[in-house]
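A quick write-up on the structure given underneath.
The values are calculated or read from the model by the stated rules, or taken from the named source; none is laboratory data. In this text the structure is predicted, and so the values were computed from the model without any measurement. Note that we place each Cβ from the backbone using ideal geometry, even for glycine, and neighbour counts take in every protein chain shown.
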There are 2 protein chains.
Amino acid sequence: MPLLMLKNLPRYECLLAAAKEFPDLDPSACEAFLHLLRAGDECFRAVESNLARHNISQGRFGVLMSLLNNCRGESSPTALSPAELADRTAVTRATMTGLIDTLERDGLVTRVPDTEDRRMMAVGLTEKARTLLHEILPDHFRRMTALMQSLDESERRTLVQLLNKIQEQAAAMAPPPAPLAATLS
Amino acid sequence: MPLLMLKNLPRYECLLAAAKEFPDLDPSACEAFLHLLRAGDECFRAVESNLARHNISQGRFGVLMSLLNNCRGESSPTALSPAELADRTAVTRATMTGLIDTLERDGLVTRVPDTEDRRMMAVGLTEKARTLLHEILPDHFRRMTALMQSLDESERRTLVQLLNKIQEQAAAMAPPPAPLAATLS
DNA sequence: TATTTGTCGTTAGCTCCCTAACCATCGGCC
DNA sequence: GGCCGATGGTTAGGGAGCTAACGACAAATA
């Protein structure tokens with residue numbers, strides 16, 4: 001999340017001053033918003049910088065994790081279609097094509113055509129990818145733990161609850177991607 | 001923040017299960033981390049989509065807001081150097097050159113050489129930019145307010161406190177950009 | 001059976017941001 | 001006064017993600 005803001009957040013007095021010029025500015029809402037984005041961004045960078053050392057971007061990581069997760073719980077053995085992957089990683093299918101291209105080039109996934117539906121492809125993890133993930137993930141998880149270490153269990157629960165409220169609100173405000181058969185026919 | 005994760009966050013039981021395979025995975029830390037990134041990302045998108053309608057990316061917005069803010073409080077009349085802008089918006093100087101290029105092309109900022117130090121430039125807002133900002137900002141602030149509307153004042157304070165703890169931790173983990181004259185001479 | 005509609009994956013072209021390398025200039029030091 | 005490191009801003013090149021458009025195929029419809 002390249003930041004929508006400044007390195008040094010404005011102090012609260014500045015927000016109060018700005019609210020005089022812009023009556024729509026709610027200082028406490030603005031403050032919470034800015035802190036949320038900054039904390040999210042810094043946490044993101046903290047783990048991203050680690051993954052980047054192994055040439056894994058967030059998009060690539062999402063693909064690999066989706067495939068890794070897929071093998072657990074369900075019976076299907078780790079293979080997913082590009083469209084399914086795009087959906088799970090919240091990325092367009094076009095972007096997914098590019099991600100799979102480079103992951104395949106680097107020998108981390110395989111792409112085999114589906115025999116039944118010849119439009120489809122099946123994307124699967126290679127052994128090399130599994131090895132890589134088991135090399136990266138422990139450190140990745142340790143970083144998450146470190147980031148949250150100053151919060152005790154109760155604080156974490158509180159945080160998650162507050163974030164959920166915000167996220168629900170944000171989701172409600174998002175442009176409905178195709179509400180309910182809102183056809184114009 | 002293109003997301004480092006999936007559209008549907010893993011359920012807590014899945015985290016518990018995964019923790020069996022990866023002892024370094026702290027489920028509650030992981031959960032808090034994922035929720036933080038997702039909430040931040042959705043809030044980011046909520047306001048970004050609005051700014052995008054006016055052809056304002058986060059980088060451009062940061063520049064414009066830095067210049068707008070600069071005229072208040074200090075005596076200097078709205079002009080900043082590219083390096084200063086890059087620092088405030090947490091972007092590289094190279095990126096700032098590109099941002100200023102397009103902002104200048106769109107008539108939103110002016111770039112005039114400094115007469116005293118001939119390396120420097122002074123970047124200033126145009127009247128067009130001020131008009132645009134006053135057209136965009138009220139809605140921008142209303143969106144922030146809407147995003148936070150499900151939290152009362154006390155919850156917002158709590159959230160900011162928790163986020164501050166996390167952010168301090170993240171900052172401490174960040175790669176020190178040049179610690180303390182760590183020269184290798 | 002033949003046609004339309006929808007889906008899947010891909011391509012082309014764009015924006016944003018990054019790193020690495022460059023010159024020009026300033027300021028201190030001999 | 002003349003080098004020299006530090007600091008300006010810029011350029012070149014690359015990766016990631018997006019939208020819009022496409023051809024191939026499957027499924028629904030007539």
(Q) Among the residues of the stretch A:111-136, what is the count of those that are surrounded by fewer than 19 Cβ atoms within 10 Å (Cβ to Cβ), under 23 Å from the mean Cα position of the chain (by Cα) and away from DNA strand D (no atom under 16 Å from the Cβ)? (A) 6
Q.
Quick check on A:K20: is it out of contact with any Leu (no Cβ under 6 Å at 6 or more places or on another chain), surrounded by fewer than 19 Cβ atoms within 10 Å (Cβ to Cβ) and within 7 Å of another protein chain (Cβ to nearest Cβ)?
A. no
Q | Checklist (1) touching a residue at least 60 places away in the same chain (Cβ under 8 Å); (2) surrounded by fewer than 19 Cβ atoms within 10 Å (Cβ to Cβ); (3) aliphatic (A, V, I, L, M); (4) within 7 Å of chain B (Cβ to nearest Cβ) applied to A:A146, failing item | A | (1)
Q.
Looking only at the stretch B:23-48, filter to residues that are more than 20 Å from A:H35 (Cβ to Cβ) and at the interface with another protein chain (Cβ under 7 Å from one of its Cβ atoms); which one of those is nearest to the chain's Cα centre (by Cα)?
A. B:C30
**Q.** A:E116 vs. criteria within 16 Å of DNA strand C (Cβ to nearest atom) and more than 21 Å from B:D26 (Cα to Cα)
**A.** yes
Q. Out of the stretch A:124-143, which residues are in contact (Cβ under 8 Å) with a residue 24 or more places away in the chain and closer than 15 Å to B:L15 by Cβ?
A. A:H140
Q: Name the helices (runs of 4 or more DSSP H) wholly inside the stretch B:9-123 in which the number of residues that are more than 25 Å from A:L15 (Cβ to Cβ) is 1 or more.
A: B:12-21, B:27-52, B:82-88, B:93-105
Q) Pick from A:V63, A:V47: which is within 15 Å of DNA strand C (Cβ to nearest atom) and either modelled with pLDDT of 90 or more or surrounded by 15 or more Cβ atoms within 10 Å (Cβ to Cβ) (or both)? A) A:V63
Q. Would it be correct to say that A:T95 is within 14 Å of another protein chain (Cβ to nearest Cβ), within 29 Å of B:R45 (Cβ to Cβ) and within 9 Å of DNA strand C (Cβ to nearest atom)?
A. yes
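Quick grid of which residues meet (1) touching a Lys or Arg at 6+ places or on another chain (Cβ under 9 Å); (2) away from chain A (no Cβ under 14 Å); (3) modelled with pLDDT of 95 or more:
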site	(1), (2), (3)
B:L80	yes, no, no
B:E104	yes, yes, no
B:R130	no, no, no
B:L133	no, no, no
B:E155	yes, no, yes
B:V160	no, no, yes
B:Q169	no, no, no
B:P175	no, no, no
B:T183	no, yes, no
Q: For residues that are of a type in the set (V, I, T), closer than 11 Å to B:R60 by Cα and touching a Gly at 6+ places or on another chain (Cβ under 9 Å), tally how many sit in the stretch B:92-132.
A: 2
Q: Given the conditions (1) touching a residue at least 12 places away in the same chain (Cβ under 8 Å); (2) closer than 30 Å to B:S81 by Cα, report the number of the one that B:P27 does not fulfil.
A: (2)
